[in-house]
C-alpha cells in the first residue's frame, strides 16, 4: 500500500504542474493526514456532495477527480458555501482529494490521447490554439459517412445523445478535445480536420463551423472526459499494487431527457 503523499508525489511527477494552464488550480486539494494509507480510490469527474457521501459510505481513502474541487480562493471554512461544506466533510471523514485537470488534458497518454484511441485514430498529432497543443488530430483507418461516424462516436463514448453540426458528408481526418471545445474548432479546421469531436460548444459556434464546411460533434462534457480514470488505474496499479479502485456509480449527475 501507499500513503496519500506517496501517491501524489508519484502522480505529480508523471503530470507536472508545468503542464497546467495558468488559470487552473489542480493538484492536491484536501489532505488531513498525508501519511494516511490508501486502500481504496474513488474516481469521479467532479467532486459533488453525492460523491463525497459515496466516498464516506464506501470507505474510500482518496477521491481522484478531473475537475478541481477548489477552483477559486476560499476565504473561510464556515459551511456557508458548497465548496467549504465539501472540504469540511472530507476532513471530518479523513478522506483526501486530488484533481488533475488541464495537465491531464495536455499530457501524453492523457484524456485526449485516450479519446483518440477510443475513436481508433491513426497517425495522431497535437494541435490547439495559440501555442496550446492539448488537442489531438488523426485519421480514421477508413473514411466514413458523417452519419456512420456519429453512430461510432455515440457508441464508443457511451453518450446518451449527440449535438452535431454537419459540414461535410465524409469523415476521414478527426480532431478531438475532451470537455469544452469551442476554441478548438478553428484550429482543428486549419489543421485539416473534417470534424471535431468535443464535449460541448455554443450554438453559434456550431452553426458557424457548419457554414464553413467544418463538422462538429458534441458528445457531452462528462462523456468525453470520464475516460480520465483509464490513465490513472494503469499507472497506479503498476507502482502501488493492491489498491482497490471504484467509480461513482451514478455517473453524470446531469439528466438527459
* To do: Could you check, for the stretch 98-108, whether at least one of its residues is farther than 21 Å from residue 230 by Cβ and under 20 Å from the mean Cα position of the chain (by Cα)?
  => no
* Asked: Name the helices (runs of 4 or more DSSP H) wholly within the stretch 161-257 that hold at least 1 residues that are within 13 Å of the chain's Cα centre (by Cα) and touching a residue at least 12 places away in the same chain (Cβ under 8 Å)?
  -> 221-225, 228-239
* Asked: From the set of residues in the stretch 13-53 that are closer than 15 Å to residue 240 by Cβ and out of contact with any strand residue (DSSP E or B) (no Cβ under 8 Å at 6 or more places or on another chain), which is surrounded by the fewest Cβ atoms within 10 Å (Cβ to Cβ)?
  -> 13
* Test result for residue 126, without any contact (Cβ under 8 Å) to a residue 60 or more places away in the chain and either under 18 Å from residue 225 (Cβ atoms) or not assigned by TED's automatic domain parsing to the domain that holds residue 26 (or both) -> yes
* Asked: Restricting attention to the stretch 86-96, does a residue exist that is in the same structural domain as residue 30 (by TED's automatic domain parsing), touching a helix residue (DSSP H, G or I) at 6+ places or on another chain (Cβ under 6 Å) and at pLDDT below 95?
  -> no
* Is it the case that the stretch 116-137 has a residue that's touching a strand residue (DSSP E or B) at 6+ places or on another chain (Cβ under 6 Å) and in a helix (DSSP H, G or I)? -> yes
* Tell me which residues, restricted to the stretch 140-159, are assigned to a loop (DSSP other than H, G, I, E, B) and exposed (fewer than 14 other Cβ atoms within 10 Å of the Cβ). => 158
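Answer yes if at least one residue in the stretch 61-71 is on the phi > 0 side of the Ramachandran plot, at pLDDT below 95 and not assigned by TED's automatic domain parsing to the domain that holds residue 177, and no otherwise.
no
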* Structure fact -> Of (1) out of contact with any strand residue (DSSP E or B) (no Cβ under 8 Å at 6 or more places or on another chain); (2) buried (at least 19 other Cβ atoms within 10 Å of the Cβ), residue 235 fails just (2)
* **Hits in the stretch 104-115 (condition: touching a strand residue (DSSP E or B) at 6+ places or on another chain (Cβ under 7 Å), in contact (Cβ under 8 Å) with a residue 60 or more places away in the chain and farther than 15 Å from residue 20 by Cα)** => 115
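The values are calculated or read from the model by the stated rules, or taken from the named source; none is laboratory data. None of these values were measured; they are calculated from a predicted model. Backbone-built Cβ (ideal geometry, glycine too); neighbour counts: all protein chains shown.
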